[in-house]
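S.K.: Here it is, the structure, as structure tokens.
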Amino acid sequence: MTLTLPDSGAQPGPDGRITAASASRNAGPILDLLRATLPAEGRMLEIASGTGQHARAFADALPGWTWQPTDVTAERFASITAWATGQDRVLSPRLLDAGQPGWAGGWGQWDAVLLVNLLHLIPEPACTAALNGIAAVLAPQGRALVYGPFLRDGLATSPGDAALDASLRAQDPAIGYKDQAWITARLEAQGCGVDWHQMPANNLAAVIFKI
Ligand SMILES: C[S@@+](CC[C@H](N)C(=O)[O-])C[C@H]1O[C@@H](n2cnc3c(N)ncnc32)[C@H](O)[C@@H]1O
């Protein structure tokens with residue numbers, strides 16, 4: 001089903017690029033955390049790349065990194081490709097359904113994985129599949145960064161978050177914000193540790209590593 005989200009109205013420009021306000025807002029804080037977390041070079045698998053803004057901005061800012069954008073739907077590829085124009089280290093987008101159990105088979109190992117603003121939009125079993133897959137594709141010394149809005153002790157942390165969570169659940173009772181502790185438990189079950197970082201606008205980022 002197609003969800004109605006705060007950025008749903010964003011339209012492509014003449015060259016196919018879509019600019020999502022949320023991606024523009026959170027790019028700086030996420031980049032700061034990537035810079036603090038990642039080594040100088042490596043291969044990044046980005047899940048749920050969306051518009052492709054982050055792939056371009058982060059590849060430009062992290063010159064030792066090659067970026068593999070992906071999304072569940074090829075409808076995103078025109079915008080991802082348009083954003084990537086002129087940046088050879090952003091590879092052609094590939095299809096990846098992170099909610100499909102076992103998706104990691106065939107994806108090999110990655111120095112880093114990035115997932116921004118997806119987990120609240122998919123049901124718990126799909127979320128578990130996404131996290132299990134991230135744990136499976138992460139190289140032994142690798143780092144994954146999962147960013148988004150989460151519940152803390154079962155509660156939303158602002159009226160705006162409570163409203164968005166309620167709106168998502170009204171559209172599909174199976175989706176909505178996941179609890180921070182639930183995410184940590186899923187990752188620990190896969191042999192991973194998590195460092196949580198407070199981000200602007202009540203969001204959190206989980207930096208995930210193999211134990
Ligand atoms: C809210 S957008 C976030 C996009 C981008 N990460 C950002 O922060 O701007 C969610 C994206 O997740 C993609 N998506 C939805 N379900 C997915 C799944 N099961 N696996 C991978 N991507 C998925 C959508 O197509 C959409 O591009």
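S.K.: So, in the stretch 98-126, exactly how many residues are surrounded by 16 or more Cβ atoms within 10 Å (Cβ to Cβ), out of contact with any Lys or Arg (no Cβ under 6 Å at 6 or more places or on another chain) and either among the aromatic types (Phe, Trp, Tyr) or closer than 25 Å to residue 173 by Cβ (or both)?
M.R.: Selection size over the stretch 98-126: 12.
S.K.: While we're looking at this one, here's another question. At pLDDT below 95 and more than 17 Å from the chain's Cα centre (by Cα), is that true of residue 108? Full working, then the answer.
M.R.: Numbers: at pLDDT below 95: no; more than 17 Å from the chain's Cα centre (by Cα): yes.
The answer is no for residue 108.
S.K.: Something else about it: Given (1) of a type outside the set (A, V, I, L, M, F, W, C); (2) in a strand (DSSP E or B); (3) open to solvent by less than 20 Å² (accessible area, probe 1.4 Å), identify the lone condition not met by residue 143.
M.R.: (3)
S.K.: Here is a follow-up. If I go through the stretch 49-76 residue by residue, how many of them are open to solvent by less than 30 Å² (accessible area, probe 1.4 Å) and either within 9 Å of the ligand (Cβ to nearest atom) or closer than 8 Å to residue 90 by Cβ (or both)?
M.R.: Counting residues in the stretch 49-76 that are open to solvent by less than 30 Å² (accessible area, probe 1.4 Å) and either within 9 Å of the ligand (Cβ to nearest atom) or closer than 8 Å to residue 90 by Cβ (or both) gives 12.
S.K.: With (1) within 16 Å of the chain's Cα centre (by Cα); (2) in a strand (DSSP E or B); (3) small (Gly, Ala, Ser) as the list, and residue 129 as the residue in question, which single condition is left unmet?
M.R.: Checking residue 129 against (1) within 16 Å of the chain's Cα centre (by Cα); (2) in a strand (DSSP E or B); (3) small (Gly, Ala, Ser), the one that fails is (2).
S.K.: Return a yes/no flag: does the stretch 19-42 have any residue that is part of a loop (DSSP other than H, G, I, E, B), open to solvent by 60 Å² or more (accessible area, probe 1.4 Å) and farther than 24 Å from residue 134 by Cβ.
M.R.: Yes; the residues of the stretch 19-42 include at least one that is part of a loop (DSSP other than H, G, I, E, B), open to solvent by 60 Å² or more (accessible area, probe 1.4 Å) and farther than 24 Å from residue 134 by Cβ.
S.K.: A further question on this structure: What pairs come up if the first residue lies in the stretch 124-143 and is under 19 Å from residue 36 (Cα atoms), the second is among the aromatic types (Phe, Trp, Tyr), and their beta carbons are under 7 Å apart, counting only those six or more places apart or on different chains?
M.R.: Listed pairs, sorted by first residue: 138/110; 139/110; 142/110; 143/209.
The values are calculated or read from the model by the stated rules, or taken from the named source; none is laboratory data. It should be emphasised that the depicted structure is a prediction, and the values quoted were computed from it without experimental measurement. With ideal geometry, Cβ positions are generated from the backbone for all residues, glycine too; neighbour counts draw on all protein chains shown. Areas reflect the complete protein model, heavy atoms only, side chains present, ligands, DNA and RNA absent. Shrake-Rupley method; radii C 1.70, N 1.55, O 1.52, S 1.80 Å.
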